[in-house]
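Novice: Once you've had a glance at the structure underneath, I'll fire off some questions.
The values are calculated or read from the model by the stated rules, or taken from the named source; none is laboratory data. Since the structure is predicted, the reported quantities are computational estimates derived from the model, not experimental observations. Here the Cβ is made from the backbone with ideal geometry for all residues, glycine too, and neighbour counts use every protein chain on show. Quick note on the areas: whole protein, heavy atoms, side chains included, nothing else; ligands and nucleic acids left out. Shrake-Rupley method; radii C 1.70, N 1.55, O 1.52, S 1.80 Å.
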Amino acid sequence: MRPQVLATRLINFFTGIVMVFLGLRFVLKLFGANPTNGFVGWVYDNTSVLLDPFRGIFNNEVVGRHYVFEFNTLFAILIYALFGMLLLMLVDVLTPADNRGKRK
């Protein structure tokens, strides 16, 4: 496997994992999932590391008593997606032109 293909697949894989977990966190918070549930707590604990750089940028909107609209999570999803696209563009730029588009 060529290095460009490997790098592209790894970037897409890890960006996809981040998107899925942050999206899951957003939906669980939005619908007021019980944080004492094992799975929900696990998702919140593991995604909190991904949200640390974005905490405090926006205020969360609390609707009712349990439903939370986390703007920080949406912003983190956007930034991680842009970062993934930037990495993909960087791999494309750093790959020699004669290897682009060829299939083996």
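Novice: Can you name every residue in the stretch 11-51 that is outside any loop (DSSP other than H, G, I, E, B) and small (Gly, Ala, Ser)? Full working, then the answer.
Specialist: Initial filter on the stretch 11-51 (outside any loop (DSSP other than H, G, I, E, B)): 11-30, 38-51.
Residues satisfying the conditions are 16, 23, 38, 41, 48.
Novice: Listed residues 68, 91, 27; which is surrounded by 15 or more Cβ atoms within 10 Å (Cβ to Cβ) and more than 30 Å from residue 1 (Cα to Cα)? Break it down stepwise before answering.
Specialist: On the way: 91 fails: more than 30 Å from residue 1 (Cα to Cα); 27 fails: surrounded by 15 or more Cβ atoms within 10 Å (Cβ to Cβ).
Answer to the selection: 68.
Novice: Quick test for you: out of 18, 43, pick the one residue that is open to solvent by less than 70 Å² (accessible area, probe 1.4 Å), modelled with pLDDT of 95 or more and under 11 Å from the mean Cα position of the chain (by Cα). Break it down stepwise before answering.
Specialist: Working: 43 fails: under 11 Å from the mean Cα position of the chain (by Cα).
That would be 18, the only listed residue that is open to solvent by less than 70 Å² (accessible area, probe 1.4 Å), modelled with pLDDT of 95 or more and under 11 Å from the mean Cα position of the chain (by Cα).
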